[in-house]
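The block underneath contains the structure these notes are about, expressed in structure tokens.
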Amino acid sequence: MRRSINIATLIVTVMILILLTSSPLVIGMRFDLETGATKCITEDIKINAMTVGKYSIVKPVEGFPLSEYDRITVRVTSPLGNNYHYADRKQSGSFAFTAGEAGDYMACFWAAKQSPDKSLSIDFEWKSGLAAKDWSKVAKKGQVEMMELELKKLYDSVTMVHEEMFNLRAREELMQQLIRSTNAKMATFSFFSLVICLSVAALQLWHLKAFFQRKKLI
């Protein structure tokens, strides 16, 4: 029985790893940015995870340079507001860092106002976690065999699954604490509501009794 459970667990783990390796954490997009406006994009990044990004203004006509006024300012900040990247009035750029905090990191793009107003198309790619590692460079640098390279990928995938399980467990514990706290507050609120209702009912009975006695009806 134990052996069959272990085999089933192994199969589920392998399936999760296949899904993880087949769907890297990559945000690749093209968006329009109006001059004089700001656009922000967020990405949920775990602590100590590597992240890289690159951005560039798309040339309206291929083969022709961009106008000297076509520039963007880019700032990447952490959930606590720490600045991880800043570039002022650039046509393209990139950033790379290891997250010191867990949560939603924000990349904000701003274009100076022009007259007349125009729209700039921005190509933006943001990778984090496993997708941020250039495995071809790792293999070339270390002169490792393909099997060792796959083992490195597998090890990182297992580590990612392990961390995600701990994160889910922590979130579940926080949710349980919130439920217990809410139940306790609701019980207290219900008790005081019952006391108030009974007090009001008793006060109404006393008032009616006093009224009927004054009218000599009872």
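The values are calculated or read from the model by the stated rules, or taken from the named source; none is laboratory data. Note that the structure is predicted; figures quoted are calculated from it, not measured. Backbone-built Cβ (ideal geometry, glycine too); neighbour counts: all protein chains shown. Each accessible area value is taken on the protein alone, full model and side chains, heavy atoms only, with ligands, DNA and RNA left out. Shrake-Rupley method; radii C 1.70, N 1.55, O 1.52, S 1.80 Å.
Does any residue of segment 49-61 turn out to be over 26 Å from Lys118 (Cβ atoms), at pLDDT below 95, open to solvent by less than 60 Å² (accessible area, probe 1.4 Å) and part of a strand (DSSP E or B)?
yes
If you scan segment 155-202, which residues turn out to be under 32 Å from the mean Cα position of the chain (by Cα), open to solvent by less than 80 Å² (accessible area, probe 1.4 Å) and among the hydrophobic types (A, V, I, L, M, F, W, C)?
Residues satisfying the conditions are Val158, Met160, Val161, Ala170, Ile179, Ala184.
Go through the residues of segment 122-130 one by one and say whether even a single one is among the polar types (S, T, N, Q) and either modelled with pLDDT of 75 or more or under 30 Å from Leu80 (Cα atoms) (or both).
Yes, because at least one residue in segment 122-130 is among the polar types (S, T, N, Q) and either modelled with pLDDT of 75 or more or under 30 Å from Leu80 (Cα atoms) (or both).
Taking segment 89-101 as the region of interest, how many residues are open to solvent by less than 70 Å² (accessible area, probe 1.4 Å) and either assigned to a loop (DSSP other than H, G, I, E, B) or among the charged types (D, E, K, R) (or both)?
4
Which is hydrophobic (A, V, I, L, M, F, W, C) and open to solvent by 90 Å² or more (accessible area, probe 1.4 Å), of Leu66, Leu80, Leu120?
After ruling out the rest, the residue left standing is Leu80.
Inside segment 62-82, can you point out the residues that are under 13 Å from Ile45 (Cβ atoms) and not in a loop (DSSP other than H, G, I, E, B)?
Correct list: Val76, Thr77.
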